[in-house]
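Novice: Sharing a structure with you now.
Bear in mind that the values in this text are calculations on the coordinates, not laboratory data. What you see is a predicted model; the values in this text were computed from it and never measured. All Cβ positions, glycine included, derive from the backbone under ideal geometry; neighbour counts span all protein chains shown.
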Amino acid sequence: MSGTRVQREYRNDKAVFLWGFMAVWLAMLVAMTYVAVRDGGIPGSRWGVPVLVLFWLFGIGAARWAATFSRVRVTLRADGVLVRERFPFHAIEKRYRSRDLAAPRIDESKDGDGDPYFSCVLELPGGRRVAVAESGHRPDVEAALDALKASLASVRRD
């Protein structure tokens, strides 16, 4: 069936690193809390419990923040565009007609060090935006933008 043939698929899996980092952080925190409880606290320190509480507050807050980032998969087919955003505990999957999507573009911002950071953004109907590709290296993002534009043009012709 030609209407369901996949023309092109784009993935942005950057969120997986963040989720993994937070999983390791929390696992280490669980282990250190277990050791502290098992041994009756941190020997020679009256700051053991407050420090653990601060680490837990940071860990929970950072894990909640990390959970707001999604893995993105955009699948272009002759019968439309499927956008799937996967979060740690749920997923959002929507189908769109290719002609309803705005032209993709590059958004430029700064990373934590003040260096430029680029995202190839696809704006969905209703104003929602998904980053199809992102990097600190502009040519990589421009290549993704060009490929996405060409794929969208191809799907719209079909």
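Novice: What is the extension gain from Arg129 to Tyr96, computed as 0.36 nm multiplied by their sequence separation minus the C-alpha to C-alpha distance, in nm to one decimal?
Specialist: Once the chain is fully extended between Arg129 and Tyr96, it gains 10.6 nm.
Novice: In addition: In whole Hz and in residue order, list the ³J(HN,Hα) couplings for segment 11-17 that follow from phi through the Karplus curve 6.51 cos²θ - 1.76 cosθ + 1.60, θ = phi - 60°; x for Gly and Pro.
Specialist: Running phi through 6.51 cos²θ - 1.76 cosθ + 1.60 with θ = phi - 60° gives 10, 10, 9, 4, 5, 4, 4 Hz.
Novice: In nanometres, what is the gap between the two model label sites at Thr75 and Asp13, each 7 Å from Cα along Cα-to-Cβ?
Specialist: Taking the two extended label points, one gets 1.6 nm.
Novice: Give, in nm to one decimal, the length gained when the segment between Asp39 and Ala147 is fully stretched (0.36 nm per residue of separation minus the Cα-Cα distance).
Specialist: Computed gain between Asp39 and Ala147 is 33.1 nm.
Novice: Between the helical axis of 48-66 and the dominant principal axis of the chain, each derived from Cα atoms, what acute angle in degrees is found, rounded to the nearest 10?
Specialist: It is inclined by approximately 10 degrees.
Novice: Which whole-Hz ³J(HN,Hα) couplings does segment 141-153 yield from phi under the Karplus relation 6.51 cos²θ - 1.76 cosθ + 1.60, θ = phi - 60°, glycine and proline marked x?
Specialist: 6, 5, 5, 5, 4, 4, 5, 5, 4, 5, 5, 5, 4
Novice: Using a Gaussian network model of the chain whose springs link C-alpha atoms within less than 10 Å, name the residue from Ser45, Ser135, Ser109 with the highest mean-square fluctuation.
Specialist: Ser45
Novice: Let me ask something else. Could you work out how much longer the chain between Trp65 and Leu29 gets when fully extended? Use 0.36 nm per residue separation minus the Cα distance between them, nm to one decimal.
Specialist: Extra length from Trp65 to Leu29 when fully extended: 11.2 nm.
Novice: Follow-up. Hey, fewest Cβ within 10 Å first, where do Phe17, Phe69 land in order?
Specialist: Phe17, Phe69
Novice: Name the most mobile residue of Val130, Val81, Val53, meaning the one with the largest mean-square fluctuation, in a Gaussian network model of the chain with Cα contacts below 10 Å.
Specialist: Result for the chain, Cα springs under 10 Å: Val53 fluctuates most.
Novice: What label, among [x] 19.6, 70; [y] 15.1, 44; [z] 21.3, 72, belongs to Rg and Dmax of the Cα atoms in Å computed from the structure on display?
Specialist: So the calculated entry is the one marked [z].
Novice: Okay, moving on. What are the lysines whose alpha-carbon lies under 28 Å from the alpha-carbon of Lys110, with same-chain residues fewer than 8 places away excluded?
Specialist: Partners within reach: Lys14, Lys149.
Novice: With 10 angstrom as the radius, rank Thr68, Thr75, Thr33 by how many other C-beta atoms surround their C-beta, starting from the fewest.
Specialist: Thr68, Thr33, Thr75
Novice: Here is a further query. Go ahead and estimate [θ] at 222 nm for the chain from helices alone: -39,500 (n - 2.57) per DSSP H run with n ≥ 4, summed, over the residue count, rounded to 500.
Specialist: Only helices count here, giving -14000 deg cm²/dmol.
Novice: So, one more: Using Cα pairs closer than 8 Å and at least 6 residues apart in sequence, work out the relative contact order for the chain, in percent.
Specialist: 22
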